[in-house]
1. Give the residue that is nearest to His181 (Cα to Cα), with candidates limited to residues of the range 251-278 that are among the hydroxyl-bearing types (Ser, Thr, Tyr) and assigned to a loop (DSSP other than H, G, I, E, B).
2. Can you list the helices (runs of 4 or more DSSP H) lying wholly within the range 154-215 that have 1 or more residues being more than 16 Å from ligand 2 (Cβ to nearest atom) and of a type in the set (Val, Ile, Thr)?
3. Could you give me the residue pairs with C-beta distances under 7 Å whose first residue belongs to the range 31-43 and is more than 7 Å from ligand 1 (Cβ to nearest atom), whose second residue is open to solvent by 20 Å² or more (accessible area, probe 1.4 Å) wherever it lies, and which are 6+ apart or on separate chains?
4. In the range 13-49, which residues are among the hydrophobic types (A, V, I, L, M, F, W, C), more than 16 Å from ligand 2 (Cβ to nearest atom) and surrounded by 17 or more Cβ atoms within 10 Å (Cβ to Cβ)?
5. Any idea which of (1) within 21 Å of Arg150 (Cβ to Cβ); (2) open to solvent by less than 30 Å² (accessible area, probe 1.4 Å); (3) in a loop (DSSP other than H, G, I, E, B) is the one Pro86 doesn't satisfy?
6. Could you grab me the full set of residues in the range 78-95 that are small (Gly, Ala, Ser) and more than 15 Å from ligand 2 (Cβ to nearest atom)?
7. Could you check, for the range 202-222, whether at least one of its residues is surrounded by fewer than 17 Cβ atoms within 10 Å (Cβ to Cβ) and polar (S, T, N, Q)?
8. Return the residues of the range 225-255 that are more than 15 Å from Val204 (Cα to Cα), in contact with a helix residue (DSSP H, G or I) (Cβ under 7 Å, 6 or more places away or on another chain) and of a type in the set (Val, Ile, Thr); say none if nothing qualifies.
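The values are calculated or read from the model by the stated rules, or taken from the named source; none is laboratory data. Bear in mind the structure is a predicted one, so any value in this text is a computation, not a measurement. Here the Cβ positions follow ideal geometry from the backbone for every residue, glycine too, while neighbour counts run over all protein chains shown. Accessible surface is based on the protein model in full, side chains and every heavy atom, while ligands, DNA and RNA are left aside. Shrake-Rupley method; radii C 1.70, N 1.55, O 1.52, S 1.80 Å.
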Amino acid sequence: MNEELIIGISALRAEKNAIILAHNYQLGEVQDIADFIGDSLELSFKAAECEEKLIVFCGVTFMAETASILAPEKTVLLPSLEAGCPMADMADAESLKKKKSEHPNALVVTYVNSSAEVKALSDTCVTSANAVKIVSQIPKDREIIFVPDRNLGAYVVKKTGRKMILWPGFCPTHMRITPEHLIKRKKEYPDAKIVVHPECSFDVISLADEVLSTGGMIKFAKKTDARRIIVATESGLIYRLEKENPDKQFISVSEQAVCPNMKMTRLEEVLSALEKNQHIIKAPENIAKLAKIPIERMLEASRR
Ligand code: 13P
Ligand code: SF4
């Protein structure tokens, strides 16, 4: 069955000169047919720089939307329209406008896990791969509103020593990971290194050997001498880690670390996306124009 789907996807991809991008949390079957797999930052760069004019984005809405804002001349398809991000939904434009009016001199630093409307009201975007670097570059006397992830925000506060006004958003998947999960795993595998995503709570982050984006975890796994790694993020990452490092053992922190939205895209949806040109993701032009500014600032700061 999968073979037929894969043949269909390959034929249409070639016929339409499309590129298939997949986030690191996608199902193994989707990662296997993707042209490029990465974290949010790597996927943004790829979407902006690739030559193909048709992008099939296997991820969640804000990722496809970011790609279409960066490359408005390209068509970006999200195979599963229901694949949203609950954290992104925790910040809306009206509430952010109100917060900005209470702090008129503050800069708004927005995690890419957010809507185009919220990005359009922001000064710069960040991902988990570059948030510390970008916030450190902001002049010390500027007040900062950090939207929407309070956990990533608290981690950035700890690393930079900057005070920030933290939006109360969070990722439900990463919040299900508890310090007890990590302590249990560390007892089972005392020699293992612990890598933690900064969307986890501060108590979980405190137990980490390394705090990394999903792309950072992929790089760390390749270069470390550790033979075992406990992975405190969405469990889909384990598939790529195992595939690329067959000599190492990767242990998911908890069976609860699953993002349902990242699992909505299967080969069937990818094939339908290519067959029917669905679902086109595009923010309204006026919003997209404004949202592009903080996203490009982020990409520029990441290159420095
Ligand atoms: P990364 O940018 O680290 O891949 O994270 C994206 C995300 O949604 C994590 O939940
Ligand atoms: Fe959103 Fe969390 Fe899923 Fe990432 S893992 S897409 S932040 S809900």
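1. Step by step, filter the range 251-278, then rank; the result is Ser254.
2. Result: 179-188.
3. Correct list of pairs: Gln31/Ile37; Gln31/Tyr239; Gln31/Arg240; Ile33/Ile6; Phe36/Lys46; Ile37/Arg240; Gly38/Lys46.
4. Once the filter is applied, which keeps residues that are among the hydrophobic types (A, V, I, L, M, F, W, C), more than 16 Å from ligand 2 (Cβ to nearest atom) and surrounded by 17 or more Cβ atoms within 10 Å (Cβ to Cβ), the range 13-49 yields Ala18, Ile19, Ile20, Ile33, Ala34, Ala47.
5. That leaves (2) as the condition not met.
6. Ala93, Ser95 - these are the residues of the range 78-95 that are small (Gly, Ala, Ser) and more than 15 Å from ligand 2 (Cβ to nearest atom).
7. Yes; the residues of the range 202-222 include at least one that is surrounded by fewer than 17 Cβ atoms within 10 Å (Cβ to Cβ) and polar (S, T, N, Q).
8. Result: Ile229, Ile251.
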